[in-house]
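Encoded as structure tokens, the structure appears first; notes follow it.
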Amino acid sequence: MSSFFTEKLAAWYQANKRDLPWRRTDDPYKIWVSEIMLQQTRVETVIPYFRRFVEVFPTVFHLAAASQQQVLKCWEGLGYYSRGRNLHQAAKTVVEDFDGKIPSTHKEISKLKGIGPYSAAAILSIAFNRKYAVVDGNVIRVITRFYGIPDDIRKETTKKHVQELADDLIDGNNPGDFNQAVMELGALICTPKNPACHLCPVSQYCISLQRMETDVIPYKSPSKKIPHKEIAVGLIVNEKNELLIALRPNNSMLGGLWEFPGGKREQNETLQETVIRELKEELGVDVEIYSKFRDLKHTYSHFKITLHAFWCKIINGQPAPKSSQKLVWVGLEGVDHYPFPKANKTLLNSLKKMDDLNLKRFLE
Ligand code: SF4
């Protein structure tokens, strides 16, 4: 069964693989960058980010020498920003401890920040032809369907079982292509809904197809409802027509990115009370609220937010970075130099579209 699967899959992959920018290189650095970007992110989304990133940082030396702000600016909009921060940190380790050569052993590469079992297997197999099978969502779907495994794929035992089967199936002569082929089959043919089994190279022995169970395998138990948070932020303008922004602490979610100061609404608090309290805590100032600018919704991996932005005026005190790395006053023409998370970026784009860009009127 395993040689049938491996041979059919290899032939299909050679004839059908997509022409992706990271498949045109054997540079371990670029393969590493692509694998980090591809975590939790669709191929179509990654392509322009990958191209720009390797243009700005063509080697691990360029990446290691860059500032965190430069790296995050290139990552802006791609999400899961700890990936960018860790990649940057790991590039420094590669330059300092490995003379700029990406480690080619499991033990060494696993020591780099941001490299987990999936990334290690992907980089080692694709860049160094080492026999490590990757298991991601696509691989889980293909293997559970092919073998007709009905178990809950949220469970670690199921993932372990799939890993064992992948380890058994992997082509030792060409492990990188094998891994990419299974993932490609999952992305193009063995899709979550309505798999194109009539085009599948391994359909002859696919158990879930034979049992007509492709719509119930893989089985994933229902997820817990993700929490929703109300976030209220203050838009503060100075006499130079500049807005106040804060740099998030490195060790926090979205660390190293800029945002408008504010925070989470607490129980029994109005949104206006949230802004006044948060700005006192974060900046050490008292503010008066003028009006609401807008609100918007955004979904992160584990929660959703509604972001409410209010025009505010400082009535007492000088802003100080009490819970951020630093504060900066910046005009709308200069904000693009700073990396922002998605919801704040949307807010900025709305501000740029205002008919009257003279923000100073909110000072009066
Ligand atoms: S036959 Fe269908 S369900 Fe089975 S592996 Fe191929 S695409 Fe997936």
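The values are calculated or read from the model by the stated rules, or taken from the named source; none is laboratory data. Note that the structure is a prediction, hence the values are computed from the model and not measured. Neighbour counts are summed over all protein chains in view; Cβ atoms, including those assigned to glycine, are modelled from backbone coordinates with ideal geometry. These area figures cover heavy atoms from the full protein model, side chains too; ligands, DNA and RNA do not enter into them. Shrake-Rupley method; radii C 1.70, N 1.55, O 1.52, S 1.80 Å.
What the table shows:
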quantity	calculated
Residue match in the stretch 158-167 (condition: of a type in the set (A, V, I, L, M), part of a helix (DSSP H, G or I) and over 20 Å from TYR132 (Cα atoms))	no
Contacts under 6 angstrom Cβ, first residue in the stretch 8-34 being open to solvent by 70 Å² or more (accessible area, probe 1.4 Å), partner not aliphatic (A, V, I, L, M), 6 or more apart	LYS8/PRO201; LYS17/GLU184
Exclusive hit being outside the structural domain of LEU283 (by TED's automatic domain parsing) and crowded, with 20+ Cβ neighbours inside 10 Å, set VAL216, VAL182, VAL237	VAL182
In the stretch 302-341, the residues that are within 22 Å of SER291 (Cα to Cα), in a strand (DSSP E or B) and open to solvent by less than 50 Å² (accessible area, probe 1.4 Å)	ILE305, THR306, LEU307, HIS308, ALA309, PHE310, TRP311, CYS312, ILE314, VAL330
Residue in the stretch 131-148 that is open to solvent by 60 Å² or more (accessible area, probe 1.4 Å), on the phi > 0 side of the Ramachandran plot and within 16 Å of the ligand (Cβ to nearest atom) present	no
Filter pass, ILE170 being in contact (Cβ under 8 Å) with a residue 12 or more places away in the chain, on the phi < 0 side of the Ramachandran plot and either in contact with a strand residue (DSSP E or B) (Cβ under 8 Å, 6 or more places away or on another chain) or assigned by TED's automatic domain parsing to the domain that holds LEU247 (or both)	no
Some residue of the stretch 201-224 being within 9 Å of the ligand (Cβ to nearest atom), part of a loop (DSSP other than H, G, I, E, B) and in contact with a Leu (Cβ under 7 Å, 6 or more places away or on another chain)	yes
